[in-house]
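So the structure is just underneath, and the comments pick up after that.
The values are calculated or read from the model by the stated rules, or taken from the named source; none is laboratory data. Given the structure is predicted, the values throughout are model-derived calculations rather than measurements. All Cβ positions, even for glycine, are placed from backbone atoms using ideal geometry, and neighbour counts span all protein chains on display.
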Amino acid sequence: MRQLWLFLSTNIFFLVFLALEAIALLLLFNNSDYHNNKYVHSYSGVVGSIVERREGVQDYFSLRGANKDLVAENAQLRKSLMLLEQSRVDSLSNVDSLTQAKYELIIAKVISNVQPNKPYITINKGSKDGVKIESGVIGNLGIVGKVVGVSKNYSLIMPALHPESRINVRHNKTGYNGNLVWDGRTIDLAQVENIPRNARISVGDTITTNSYSKAFSDNSLAGIVEEINYDVTGNFYLLNVKLLADFRRLNYVYVTVLNDLDEILELENSADE
């Protein structure tokens, strides 16, 4: 109590000033429509700004949840498309359609993207989630790369934009096969080599993966032909291809795991011994 009395006696003039100021402002706003409107407008603006910021934060977290739902839904659609494509191939080969897709899709989040001093991508799914080395990785629009390293909880991806990357692809219109490589020059452009010169190719043609690939299902989109050149021999094309995957904006990706991958790799490795 003594401390309170000491505080009041010490600051009596300041407290009286604040009280008189408050009374003056109250009288001013109550008796002046102009100042009252100004006050209400300012108050509404401040409150509105706070509410807008709060709703923006809420919307942000709501969008994150909605984005995850869309990614999961997209994965289901991709599985359905892969199954339809597999059924089409089986029917052309006079083989009974399988009831289950040859590839499983695993949704993963990119936690580290390609950087100048680190030309790999890290995702938050690993061996405990079913990811295997040699699995393919695709984005919303096109292929991203291959898994080259796996731990229990994470995986390392060699993107198509890597000097050592080599992915089996096909010129979709003619069916000729080649290899998708990268010359290290432009982040949006890769090259397709080894397609013979007698193939009829035009700018705008689609490049997809082919059945030779263990990493990707047949007909996964890779890119669009942007420029037509020839290799040093003049016998094969060297195509500049606009990649469909946007490596600058990778957020979620899909790992495509071939169900029989271990068996195929074991058989191929035994043949090399």
Query raised in the report: Asp218 fails exactly one of the following numbered conditions: (1) more than 24 Å from the chain's Cα centre (by Cα); (2) under 19 Å from Ser135 (Cα atoms); (3) of a type in the set (D, E, K, R); (4) assigned to a loop (DSSP other than H, G, I, E, B). What is the number of that condition?
Result: (1)
Requested in this report: Hey, can you tell me all the residues within the range 178-200 that are surrounded by 19 or more Cβ atoms within 10 Å (Cβ to Cβ) and touching a Lys or Arg at 6+ places or on another chain (Cβ under 8 Å)?
Outcome: Gly178, Leu180, Val181
Requested in this report: Could you run through the range 233-273 and say how many residues are of a type in the set (S, T, N, Q) and within 25 Å of the chain's Cα centre (by Cα)?
Outcome: 4
Query raised in the report: Is there a residue in the range 180-194 that is without any contact (Cβ under 8 Å) to a residue 24 or more places away in the chain and under 14 Å from Gly145 (Cα atoms)?
Result: yes
Query raised in the report: Mind checking whether some residue in the range 177-197 is at negative phi, of a type in the set (S, T, N, Q), assigned to a loop (DSSP other than H, G, I, E, B) and more than 22 Å from the chain's Cα centre (by Cα)?
Result: no
Query raised in the report: What number of residues within the range 108-119 satisfy the criterion of being surrounded by 17 or more Cβ atoms within 10 Å (Cβ to Cβ) and either part of a strand (DSSP E or B) or modelled with pLDDT of 90 or more (or both)?
Result: 2
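When you look at Arg200, is it over 21 Å from Asp218 (Cα atoms), touching a Ser or Thr at 6+ places or on another chain (Cβ under 9 Å) and either in a loop (DSSP other than H, G, I, E, B) or not charged (D, E, K, R) (or both), yes or no?
Numbers: over 21 Å from Asp218 (Cα atoms): yes; touching a Ser or Thr at 6+ places or on another chain (Cβ under 9 Å): yes; either in a loop (DSSP other than H, G, I, E, B) or not charged (D, E, K, R) (or both): yes.
So Arg200 fits the description; yes.
Could you pull out the residue among Tyr212, Tyr230 that is surrounded by fewer than 18 Cβ atoms within 10 Å (Cβ to Cβ), of a type in the set (Phe, Trp, Tyr), without any contact (Cβ under 8 Å) to a residue 40 or more places away in the chain and closer than 19 Å to Glu193 by Cα?
Tyr230
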Query raised in the report: Does Val257 count as within 18 Å of Val147 (Cβ to Cβ) and β-branched (Val, Ile, Thr)?
Result: yes
Query raised in the report: Has the range 199-221 got any residue that is within 26 Å of Lys118 (Cβ to Cβ), at pLDDT 95 or above, out of contact with any His (no Cβ under 8 Å at 6 or more places or on another chain) and aliphatic (A, V, I, L, M)?
Result: no
**Report entry** Residues of the range 137-174 that turn out to be more than 14 Å from Thr256 (Cβ to Cβ), assigned to a strand (DSSP E or B) and either out of contact with any helix residue (DSSP H, G or I) (no Cβ under 8 Å at 6 or more places or on another chain) or among the β-branched types (Val, Ile, Thr) (or both), as a count
**Finding:** 8
Query - Residues of the range 175-216 classified as closer than 23 Å to Arg249 by Cβ and in contact with a helix residue (DSSP H, G or I) (Cβ under 7 Å, 6 or more places away or on another chain), total - result: 1
Report summary line: When Lys128 is run through (1) in a helix (DSSP H, G or I); (2) crowded, with 18+ Cβ neighbours inside 10 Å, the failure sits at (2)
Query raised in the report: Since Asn235 meets every condition but one in (1) of a type outside the set (D, E, K, R); (2) more than 20 Å from Asn179 (Cα to Cα); (3) surrounded by fewer than 18 Cβ atoms within 10 Å (Cβ to Cβ), which condition does it not meet?
Result: (2)
